[in-house]
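Engineer: Attaching a single structure in structure tokens format; questions to follow.
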Amino acid sequence: MPLLQISARETGPALHGATAPLLPCLRRALAGDPGPITIMVHGYKYLPGHPIACPHRGILARKPLVTGKRVISWPRRLGLRGQHGEGLGISFGWRARGSIWAAWEAASEAGLQLAALLDMLSQLAPERPIHLIGHSMGARVVLTALNTAATGTLRTVILLAAAEFESTARRALNRLEPQTQVLNVTSRENDLFDFCLERLVPAPETGARMLGCGGLRHPRMATIALDDPSHLAALRRAGFPIAPPVRRVCHWSPYLRPGVFPLYRALRAGRMDVARLRAQLPCDTSPRWSRLRPPLWSGLMQNQAQSRTIGQI
């Protein structure tokens, strides 16, 4: 099966690098394989058509044409290798370059176009399950779409280090149909990115936190913490051995960490469901900054305590 490359444009979702109408192309692609539909959405710094940062040539390509330490093929690791029965894969690109503020607004606009694409797919193939996976601001694109689109055919939504506020995510989750399941993949490796974004972009309310903090609980969603030993142990018992973290700060861990994609493939294929996974996971996650506190903050506090003691002698 071919991998459809679709990008958000001012006039709506369109085939990347082509002028052909989107609807007939979707109809032909859906007729070629009866399997599910999987839509992949990249995060910040990518731009369709960019010579180096085009997502359709990089992480969203079956065979990436660009190289880099963070460039892996999402489609191949999700099981979209071009074989009959795998279903239709769609790489969804949007204008994610420029300033943080520009990308934040562009993600919201792209979400409306993703919603339009979801509605097209639901009308063309109402019996076909749809799976969504988005990283960082790509998760904001996905959640914006969920707040707008008809969600009847959605089955699985995988959010990787989601760059969106919890209250906004809750509104989207509350609109989902009972059969839709959401996996929220977090890690304290991403704390610095979450903290900075909370202070740079407009928050819906005072003290609002990113979904990646792991504080939101919802019956449609399970949260896994890739840095938490108890979560990794539970995932290993469930049959998904994921490598432990090796960095204190990493924004790309949810798709670069060895062992994560077998879990995403199992959710997409229906071999694992979110409710069963949630029942096996610990309820709590480690607190924010826990990956930075031991080497940096604990030493600082100890030095301050020693200084106070010496001053009292």
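Nothing in this text is a laboratory measurement; each read-out follows from the coordinates by a stated rule. Quick caveat: nothing in here was measured; it's all calculated off a predicted structure. Because the Cβ atoms are built from the backbone with ideal geometry, glycine has one as well, and the counts that use them run over all protein chains shown.
Engineer: Where both residues lie in the chain, what percent of DSSP beta bridges are antiparallel, nearest 5?
Structural biologist: Numbers: 5 of 36 bridges.
If I count the DSSP bridges inside the chain, around 15 percent turn out antiparallel.
Engineer: I'd like the FRET efficiency for Asp284 and Ala102, computed as 1/(1 + (r/R0)^6) with the beta carbon distance as r and R0 of 41 Å, rounded to 0.05. Intermediate results must be reported in sequence, preceding the final value.
Structural biologist: Working: r = 36 Å, r/R0 = 0.88.
It comes out at approximately 0.70.
Engineer: Give the long-range amide H neighbours of Gly93: residues separated by 5 or more places, or on another chain, with amide H under 5 Å away, using H modelled in the peptide plane at 1.01 Å from N.
Structural biologist: For Gly93, the qualifying residues are Ile6, Ser7, Ala8.
Engineer: Give me, ordered by chain and number, the residues 5 or more places off Leu154 or on other chains with an amide H under 5 Å from its own placed amide H.
Structural biologist: Distant-sequence amide H within range of Leu154: Ile130.
Engineer: Could you work out the relative contact order of the chain, using alpha carbon pairs under 8 angstrom and six or more residues apart, expressed as a whole percent?
Structural biologist: Details: 595 pairs, mean separation 45.7, N = 313.
Relative contact order here is 15 percent.
Engineer: Kindly work out what percent of the DSSP beta bridges joining two residues of the range 127-271 are antiparallel, to the nearest 5.
Structural biologist: Numbers: 1 of 17 bridges.
Percent antiparallel among DSSP bridges in the range 127-271 is about 5.
Engineer: May I pose another question? How large is ³J(HN,Hα), in whole Hz, for each residue of the range 185-198 in order, when computed from phi with the Karplus curve 6.51 cos²θ - 1.76 cosθ + 1.60 and θ = phi - 60°, using x for Gly and Pro?
Structural biologist: 9, 10, 6, 5, 4, 9, 4, 4, 5, 4, 4, 5, 5, 4
Engineer: With a ≥ b ≥ c the root eigenvalues of the C-alpha gyration tensor of the chain, is it rounded (a/c under 1.5), prolate (a/b larger than b/c) or oblate? Let's see the in-between values first.
Structural biologist: Details: a/c = 1.90, a/b = 1.67, b/c = 1.14.
It comes out prolate by the Cα gyration axes.
Engineer: Right, another one. If you line up the long axis of helix 260-269 against the longest principal axis of the chain, both from Cα atoms, how many degrees apart are they, to the nearest 10?
Structural biologist: Tilt of helix 260-269: around 40 degrees.
Engineer: Follow-up. Taking H as built 1.01 Å from N, whose amide H comes closer than 5 Å to the amide H of Thr223, not counting residues under 5 places away?
Structural biologist: Asn184
Engineer: If you don't mind, another one. Taking only C-alpha pairs under 8 Å that are 6+ residues apart, what is the relative contact order of the range 56-172 in percent? Intermediate values should be presented prior to the final figure.
Structural biologist: Values: 157 pairs, mean separation 21.6, N = 117.
Reported relative contact order: 18 percent.
Engineer: Is it possible to state the helix-based mean residue ellipticity at 222 nm for the chain, with each DSSP H run of 4+ residues giving -39500 (n - 2.57), the sum divided by total residues, to the nearest 500 deg cm²/dmol? What is it? Please list the in-between numbers first.
Structural biologist: Numbers: 11 runs with 112 residues, N = 313.
Only helices count here, giving -10500 deg cm²/dmol.
Engineer: Need one word for the range 70-179: rounded, prolate or oblate. Basis is the Cα gyration tensor (sqrt eigenvalues a ≥ b ≥ c); a/c below 1.5 gives rounded, then a/b vs b/c decides. Provide the component values of the computation, followed by the final result.
Structural biologist: Numbers: a/c = 1.75, a/b = 1.18, b/c = 1.48.
Since a/c reaches 1.5 but b/c is at least a/b, the shape of the range 70-179 is classed as oblate.
Engineer: Need the full-extension length gain, Arg9 to Ser167, defined as separation in residues times 0.36 nm minus the C-alpha distance. One decimal, nm. Working shown, then result.
Structural biologist: Numbers: separation 158, 0.36 × 158 = 56.88 nm, distance 2.76 nm.
Full-extension gain reported as 54.1 nm.
Engineer: Show me, for the range 36-46, the HN-Hα J-couplings you get by feeding each phi into the Karplus relation (A = 6.51, B = -1.76, C = 1.60, θ = phi - 60°), rounded to Hz, glycine and proline as x.
Structural biologist: x, 10, 10, 10, 10, 10, 7, x, 5, 5, 9
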